[in-house]
Amino acid sequence: MEGKGHITQLLNDARNGDKSAFDSLYPHVYAELKNIARRHLANEKSEHTLQKTALVHELYIKLLGNMDLELENRAHFFSIASRCMQQILVDYARQKAALKRGGSKQSVTLDEERLNLEENAEEIIEINDLINKLSTIDNRRSQVVVMRFFGGMSIPEISEVLKVTTRTVDRDWAKAKLWLYNELKAS
């Protein structure tokens, strides 16, 4: 609990103009960001070109580029980090798909633990497009998908960010997965 409070304090200090606070934040969030990256890259081949350390570093550089972010607390930080990780992974998938053009389409699962960029680049782009479509229908559900699928956040963490109950997040996650599944099946 002390670690979570410390992260929130560093975020508050950074928001109040303490430039060194954001730098001090890195060692405190690095391990958790690396765990999120590890979960996403767990199914990748060992020679995969996007490694978890590089993904975390690219994520942090992207966050540094947005120093004007209003980060409220630890959960909000990881929510923003999830969105940034989504953008990085989708950009990487777009590059892979461009190289692969015309490859056979494979089934993709919405298992947030199994995101295989090398084999499912086109499907990840399709899921990203569907998440964007879902955001026009139900923005909160799309946020749940981003935080869960791309950020690896837990239901309680998402609940904290969205300021809703864990039961609401569970329902949103289930409904969003069903909607995405139906949309993927229809395409």
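For trypsin sites (Lys or Arg not before Pro), the sites in the range 151-187 that DSSP calls loop and that have at most 15 other Cβ atoms within 10 Å are 163. The ranking of 90, 145 from fewest to most other beta carbons within 10 Å of each one's beta carbon is 90, 145. Approximating the spin labels as points 7 Å out from Cα along Cα→Cβ, the residue 54-to-residue 19 distance works out to 3.1 nm. Can you give the net charge of the other residues whose Cβ lies under 12 Å from the Cβ of residue 174, counting K and R as +1 and D and E as -1? In short, +4. The simple spin-label model puts a point 7 Å past each Cα toward its Cβ; for residue 6 and residue 175 those points are separated by 4.0 nm. With 21 Å as the limit on Cα-Cα distance, the pairs of 52/163; 96/133; 133/175 that go past it are 52/163; 96/133. Compared with the alpha-carbon gap, the fully stretched path from residue 95 to residue 62 is longer by 10.1 nm at 0.36 nm per residue. Modelled label positions at residue 163 and residue 28, each set 7 Å beyond Cα in the direction of Cβ, lie 2.2 nm from each other.
Read the figures in this text as sums done on the coordinates, not as results from a lab. Fair warning: this is a prediction, and the values are worked out from it, not measured in the lab. Note: ideal-geometry Cβ built from the backbone for every residue, glycine included; neighbour counts use all protein chains shown.
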